[in-house]
Every structure is written in C-alpha cells, then in structure tokens.
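Below: the structure, in structure tokens.
The values are calculated or read from the model by the stated rules, or taken from the named source; none is laboratory data. Not measured: the values here are computed from a predicted model. Heads up, the Cβs are rebuilt from the backbone with ideal geometry, glycines too, and the neighbour counts pull from every protein chain shown. Areas reflect the complete protein model, heavy atoms only, side chains present, ligands, DNA and RNA absent. Shrake-Rupley method; radii C 1.70, N 1.55, O 1.52, S 1.80 Å.
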Amino acid sequence: MTFSRLRGAAARPAGRWDAREAAMLDQIDHVGIACHDLKTAVAFYESVFDVTVASREVHEDQGVREAMLRLGEGPGGSWIQLLEPTGPDTPVGKFLARRGPGIHHIGYRVANITETLDVIGARGVRLLHQRPRHGSMGASIAFLHPADVGGVLTELVQPPDR
Ligand code: CMX
Ligand code: CO
C-alpha cells in the first residue's frame, strides 16, 4: 500500500499543495525532554514560560514519570513532555547517564499509526515497536530507531480521538 493511497493524496485538486494531506506526519505532537527531577523541571517551565501541567502519568512499561505541558489551543496545539526515569536501566535513565538532560525525542502526530508503521517499516527504518502501545493521555504510540532517523529518536502518536 502506498502512502498516497493511505491519505487519499491522489484525490487532491491538481496544482493545490496541501501539506497536511501530502505529508505522512500531520504535525509535531510533542517534544520529549529528559530531566533528572520532574518536580524541578516542572517548576522551571511554569515559572519561566508560564505553562501549566495538563496531565501527569507514570508509564512503567516505558520507564518514565511524565508531565505534559500544553502549548496552544484546540486540535493544532502541541505539548512539552517532561520525562523523569523510573530507574537507571530505562530509555530515559540510560540517556541521562550518557548525555545528561535535554531533548530526548520528537513525537509526530499521525492519522493512522498502524498503517504509518507498516509504510515506514517497509521503507527500511527499524521500528522499535512493531505495533502501537498505550502512550500519554490515551494516545497510541510507537518509536522508530534513532540510528535510522539521523540520530533523532522519533515517536509516532495517534491521538485517542482518531
Ligand atoms: N536519541 C538519539 N539517540 C539515542 C537516544 C535518543 N533518545 N537514546 C539512545 N540513543 C543512541 C545512543 O546514543 C547510542 O548510540 P551509539 O551506539 O551511536 O553510541 C545508541 O542509541 C544505543 O544507546 P543505549 O544507551 O545503549 O540505548 P539502548 O540501545 O538500550 O536504547 C533506544 C536506545 C532508542 C532503542 C531506547 O531508548 C528505546 O527503545 N526508546 C524508545 C522508548 C522510549 O524512549 N521511551 C521513553 C519515552 C516514552 C514516551 O515518550 O511516552
Ligand atoms: Co513522547
């Protein structure tokens, strides 16, 4: 299955460029930021950027405690995902030990994560998750290997309302 068939891009009126229909990735859903201490990181973002926490969750399977800070309103909004590891032998724990605090991954919103994974996998990018998992705030998520994406750990996110 080609991607244009997935999104119906072939049905676009000739000559009209609609990036939302044409691209596989709808928009940046969130930026994941690794920190040693979630409480301190949240206090920093709240006091410096006037953002507020919309959701706090623990995902034992991903080894993280997280706080989601909302940017913008409505369906076009995005998130800062502050991530504290639940232990040293977790993706974020190992990242902190290696590189210290900072940007850990980018999450891109997609319309259909299962089909998007199939297409990206067929294009030779290693999928860290073959099938979607439960992510933040009810989303379905899956990760692509950073070594196959120019050093960027990449997360696909399908929001729960899609
Ligand atoms: N960004 C870019 N490169 C990364 C990386 C990251 N976040 N994390 C690790 N790497 C690189 C390392 O630099 C290293 O590269 P080199 O071999 O060139 O030195 C390589 O990956 C292996 O590093 P590692 O510390 O041995 O880490 P692992 O192989 O054990 O795991 C990864 C790396 C990406 C497979 C693992 O972190 C993973 O599966 N991540 C996906 C899940 C995840 O990150 N969950 C937390 C967030 C949850 C959420 O957003 O909801
Ligand atoms: Co994320």
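Filtered by the rule that a residue be without any contact (Cβ under 8 Å) to a residue 24 or more places away in the chain and away from ligand 1 (no atom under 11 Å from the Cβ), segment 120-141 gives 121, 122, 123, 130, 131, 138.
A search for C-beta distances below 6 Å between a residue of segment 34-50 that is surrounded by 11 or more Cβ atoms within 10 Å (Cβ to Cβ) and any residue that is assigned to a helix (DSSP H, G or I), counting only pairs 6+ apart in sequence or on different chains, returns 34/92; 34/95; 34/96; 35/41. In segment 99-111 there is at least one residue that is open to solvent by 20 Å² or more (accessible area, probe 1.4 Å) and in contact with a Lys or Arg (Cβ under 7 Å, 6 or more places away or on another chain). Counting only residues that are within 6 Å of ligand 1 (Cβ to nearest atom) and assigned to a strand (DSSP E or B), which one in segment 142-162 is nearest to residue 105 (Cα to Cα)? Here the answer is 155. Per the conditions (1) over 12 Å from residue 33 (Cα atoms); (2) surrounded by 15 or more Cβ atoms within 10 Å (Cβ to Cβ); (3) touching a residue at least 24 places away in the same chain (Cβ under 8 Å), the sole criterion not satisfied by residue 70 is (3). Can you find a residue that is away from ligand 2 (no atom under 16 Å from the Cβ) and modelled with pLDDT of 95 or more anywhere in segment 10-23? No; the residues of segment 10-23 include none that is away from ligand 2 (no atom under 16 Å from the Cβ) and modelled with pLDDT of 95 or more.
Please work out if residue 56 is within 20 Å of residue 157 (Cβ to Cβ), among the charged types (D, E, K, R) and within 13 Å of ligand 2 (Cβ to nearest atom). In short, no. Taken over segment 109-119, the criterion of being outside any loop (DSSP other than H, G, I, E, B), within 15 Å of ligand 1 (Cβ to nearest atom) and in contact (Cβ under 8 Å) with a residue 40 or more places away in the chain is satisfied by 109, 113. When residue 137 is tested against (1) in a helix (DSSP H, G or I); (2) within 26 Å of residue 74 (Cα to Cα); (3) more than 12 Å from ligand 2 (Cβ to nearest atom), only condition (3) is not met.
Do you know which residues across segment 142-158 are of a type in the set (Gly, Ala, Ser) and either within 14 Å of ligand 2 (Cβ to nearest atom) or in contact (Cβ under 8 Å) with a residue 40 or more places away in the chain (or both)?
Step one: list which residues in segment 142-158 are of a type in the set (Gly, Ala, Ser), which gives 142, 147, 150-151.
If the condition is that a residue be of a type in the set (Gly, Ala, Ser) and either within 14 Å of ligand 2 (Cβ to nearest atom) or in contact (Cβ under 8 Å) with a residue 40 or more places away in the chain (or both), then 142 is the only one that fits.
Annotation note: of 126, 98, 131, the sole residue that is away from ligand 2 (no atom under 13 Å from the Cβ) and under 19 Å from residue 60 (Cβ atoms) is 131.
For segment 88-101, a tally of residues being more than 9 Å from ligand 1 (Cβ to nearest atom) and farther than 14 Å from residue 38 by Cβ returns 2. Every test in (1) open to solvent by 50 Å² or more (accessible area, probe 1.4 Å); (2) at negative phi is passed by residue 31 save one, and that test is (1).
Scanning segment 61-86 for residues that are over 17 Å from the mean Cα position of the chain (by Cα) and within 12 Å of ligand 1 (Cβ to nearest atom) yields one hit, 86.
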